[in-house]
1. Taking a ≥ b ≥ c as the square roots of the Cα gyration tensor eigenvalues, with a/c under 1.5 meaning rounded and otherwise prolate when a/b beats b/c, else oblate, which class fits region 291-386?
2. Provide the packing ranking of 345-352, 310-317, 299-306, i.e. peptides ordered by the mean count of other C-beta atoms within 10 Å per residue, highest first.
3. Structure shown: which of K94/K171; K94/K186; K84/K186; K254/K388; K25/K420 lie over 24 Å apart, alpha-carbon to alpha-carbon?
4. If you add up the charges near K388, with Lys and Arg at +1 and Asp and Glu at -1, over every other residue whose beta carbon is less than 13 angstrom from its beta carbon, what do you get?
5. Any chance you could check the Cα centroid distance between region 80-95 and region 277-319 for me, in angstrom?
6. Work from the charge dipole of region 287-330 (Cβ charges, +1 for Lys and Arg, -1 for Asp and Glu, about the Cα centre) and give the residue of A318, P298, A330 farthest towards its positive end.
7. Could you order the peptides 389-395, 4-10, 96-102 from most to least packed, using the average number of other C-beta atoms within 10 Å per residue?
Amino acid sequence: MFLQIHSLTSYHATLLNRDDAGLAKRIPFGDATRLRVSSQCLKRHWTTELRTIIEQQHDGWENFESGWRTRNFFDRVILPEVDKTLRDDFLDDKERQAIVIAATWDLACGCFTKIKKKDAKKLLESDKLDVPLEMPDVMKIDPDKGERVPRPEQAALFGKPEANYLVSEIKNIARESNGAIQEIRKGIRQRVLLDWRERNKEGQTMLNALIQANLSQTLYAGIEGALFGRFVTSDILARSDAAVHVAHAFTVHKLDTEVDYFTVVDDLNRDEETGAAHAGDMELGAGLFYGYVAVDIPLLVSNLSGCDAKAWKAQDFADARAVLKGLIRAIATVSPGAKLGATAPYAFSDFVLLETGGQQPRALANAYLQALPLHGDPMQAAADALGKHLAALNDMYGQTSDTRVAASTRAFDQDLAEVKPLDAAIETALDAIFSPERG
């Protein structure tokens, strides 16, 4: 079962998404180069606003823990929380700090260490768990900067449930060891090694093992991980698959930008300096963007509830429904922000098409393979082109979705999709997904 979200959004003179040279991002497509907004940019702004949207429309945001994308998970989240939880047990500040730093260090190293294949058999067959945990190559520490625990070189997504679980483990081990630092460190090593051994996967990180063994029923990577997944190229973290697949948005017409030249006047130096105190420029472009998002519903329900994706139909859908409702509204109303003070880049989508069904998802981007000419009503022309392409796909493949509903400020072919206000369209699409007759 999939939910597909197509949108058409027009922006006035803006600089929505910049490249490394400060220019508007662009992409060649079909017969022309287009303005582009990256999927990373879109996802960042949608998730930033998703909390507010769901809070306004759904009681129970506590079910949707957020996460942090950071290099500082252990030193700025785990270490302070461990210190706070151990205050009642270890009142002496120096003693507690020594315990906290030692325990967090070993936990960080253990969680990020990948067991080498040559050592895996030895560890699995050995009764000894008190083995040294070396700092892996992907971690670094700079004592000159006062770093007390290792940091990964790459910023990665961590969830609040992971933090709560790891803090709880350190606290329990510290209490059981009565504050003896060496015993605590030994306990941490045993804990991560035992969990890794139970998973019995060569080359797996210990954090991966901890999560799979103990956090499978929680939203461990945060709502961001449940929606957009968690992936790092070095394979140092447990991964979660993305249930929401986001395409880069692009203009349905050819790129047309201009360089805006601006100056700054020094108000207190007008007598001596007749010219500008500063001169600069930025590239601006106006455009009508096509956006496309596909949602794997079974995987989303699995990520939110911890169930197997194959068992998604047997779950309570309240959370998934709230998240999807908030996501669709975010896609339709949240703009990628850049140069806010100079361009006010705010716009709502004029057209949103929602499709549901078990068929293979497919974008409708090829409706704009030939760039649309900008005359007459470009928004109506874009909606017409999308409908024409959709009808052609149906003629070639048969019905490519089970249910379609649109929200639009322009006319749209009612034979292709009923047009409703956005909230009503969302409810229709979600009813089709989560109704008792869903397939």
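No lab work stands behind these numbers, since they all come straight from the coordinates. Predicted, not measured: the structure shown is a model, and the values here were computed from it. With ideal geometry, Cβ positions are generated from the backbone for all residues, glycine too; neighbour counts draw on all protein chains shown.
1. Cα axes put region 291-386 in the oblate bin.
2. Those peptides, ordered most packed to least, come out 299-306, 345-352, 310-317.
3. K25/K420
4. So the environment of K388 carries a net charge of -4.
5. Each part reduced to its Cα centre gives a spacing of 40 Å.
6. Of the candidates, A330 comes out farthest on the positive side.
7. The packing order, highest mean first, is 4-10, 96-102, 389-395.
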